[in-house]
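Working notes, beginning with the structure itself.
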Amino acid sequence: MGIFDFLSGQFIDVIHWTDDSRDTMVWRFEREGHEIKYGAKLTVREGQAAVFVHEGQLADVFTPGLYMLETNNMPIMTSLQHWDHGFKSPFKSEVYFVNTTRFNDLKWGTKNPIIARDPEFGPVRLRAFGTYSIRVTDAARFLIEIVGTDGEFTMDEISFQIRNIIVQEVSRVLASSGIPVLDMAANTADLSKLVAGEVSTTIMAYGLTMPEMYIENISLPPAVEQALDKRTSMGLAGDLGKFTQYSAAEAMTAAANNPAGGGMAAGLGAGMGMAMAQQMASQGPWGAAPAAQAQAPVAPPPPPVEHVWHIAENGQTRGPFSRAALGRMATSGELSRDSYVWTAGQDGWLRAEDVTELAQLFTVLPPPPPGA
């Protein structure tokens, strides 16, 4: 990965690094026991930083540019070596190149569901996943806190730790946001910025920052999603009667097209078709009920209960007699106005002419003559 030249002998004259791995964050320049020549050329390309470590102590940090390694370019190294301005001896130091470009399209996701309280559904379990990018902003701190003496440090070695921090912040933000589950998709951009800010505050101690972080999806458990799908289907169905007809037609088509069903499937489809035809015929053309069926005739009231009567004569009772029979008896003289009668619900015996229903029987007869 590194390209370096040697002077004749054992002094290093050129120090630089070209990265073709796309995932290396830190690479140590291999000097293979040789000393670095005083005045050697150091090339730091854009997206890189070079950190000198001398005898285990962090020395100078170089940003992008071309440098001649002399005392005026290495103030910390000069003080560590106790060089004076005329000293030009070779020296032994370790040089670490740090990649300061963005590492993009890194994945994160929740291993276990996040328990949150939804205003509409109550307690729910949420899952979330997305992508993020990371970059080194403080090469010296990153080298001290994370890399140590690792000669080649890749993104995979720290991505697990970064994902844990993201999941922790996502869980906290989603659980305390108070945003309904059905509205979270419309707020993922704001939630992402909030989480990225919280994560950047934590990883700043590592010399890192998070330029971008995206929440691509927030999902519910499969059982809850199925319930939501049914609820949505009911809303789209509208008229449940028509939806039932449509579902029966779909089932009939599926049964007819199922070769495994054989005759049973054909019979089932035919039966369902006949049932639908009868139902649609009873509803008239266009699936609507006829006017006669829509306005059913009003049933007549039940007929009145006919009373039967008993007659008291000479301490004896006769009957029961219907009103028609009492009418005939009134005509023949067997029943007079003064005859006592009784029927169920009547308070004691009454004279026939005092009973409203029987008084009409005597209006067709002339009253008794005067003096009778």
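Before moving on, here are some points about what is shown:
- For the criterion of being of a type in the set (S, T, N, Q) and either surrounded by fewer than 14 Cβ atoms within 10 Å (Cβ to Cβ) or at pLDDT 85 or above (or both), Gln48 passes.
- Cβ-Cβ contacts under 9 Å between residues 6 or more apart (or on different chains), taken from a first residue in the stretch 169-184 that is in contact (Cβ under 8 Å) with a residue 24 or more places away in the chain to a second residue that is basic (Lys, Arg) and exposed (fewer than 14 other Cβ atoms within 10 Å of the Cβ), are listed as Ala175/Arg117; Gly178/Arg117.
- Matching residues, the stretch 146-200, being charged (D, E, K, R), in a helix (DSSP H, G or I) and more than 17 Å from Met210 (Cα to Cα): Arg172, Asp183
- Meets criteria (outside any helix (DSSP H, G or I) and out of contact with any Asp or Glu (no Cβ under 6 Å at 6 or more places or on another chain)) for Ile218: yes
- Qualifying residue in the stretch 114-129 (condition: surrounded by 18 or more Cβ atoms within 10 Å (Cβ to Cβ) and among the β-branched types (Val, Ile, Thr)): yes
- Taken together, the criteria exclude Gly86 from residues that are at pLDDT below 75, on the phi < 0 side of the Ramachandran plot and within 60 Å of the chain's Cα centre (by Cα).
- Options Ser192, Ser176: the member that is of a type in the set (Gly, Ala, Ser) and either surrounded by 15 or more Cβ atoms within 10 Å (Cβ to Cβ) or in contact with a Cys (Cβ under 7 Å, 6 or more places away or on another chain) (or both): Ser192
- Between Val147, Val95, the distinction of being modelled with pLDDT of 85 or more, in the same structural domain as Gly47 (by TED's automatic domain parsing), closer than 30 Å to Met74 by Cβ and touching a Phe, Trp or Tyr at 6+ places or on another chain (Cβ under 6 Å) belongs to Val95 only.
- Condition check for Ser219: among the polar types (S, T, N, Q), under 30 Å from Ile115 (Cβ atoms) and modelled with pLDDT of 75 or more: yes
- Hey, Arg125 in contact with a Gly (Cβ under 9 Å, 6 or more places away or on another chain), assigned by TED's automatic domain parsing to the domain that holds Ser200 and of a type in the set (Lys, Arg) or not: no
- Residues (surrounded by fewer than 17 Cβ atoms within 10 Å (Cβ to Cβ) and over 52 Å from the mean Cα position of the chain (by Cα)) located in the stretch 51-68: Glu55, Gly56, Gln57, Leu66, Met68
The values are calculated or read from the model by the stated rules, or taken from the named source; none is laboratory data. Please read all numbers here as calculations on a predicted model, not as lab measurements. Don't worry about glycine lacking a Cβ; one is built from the backbone with ideal geometry, like all the others, and counts go over all protein chains shown.
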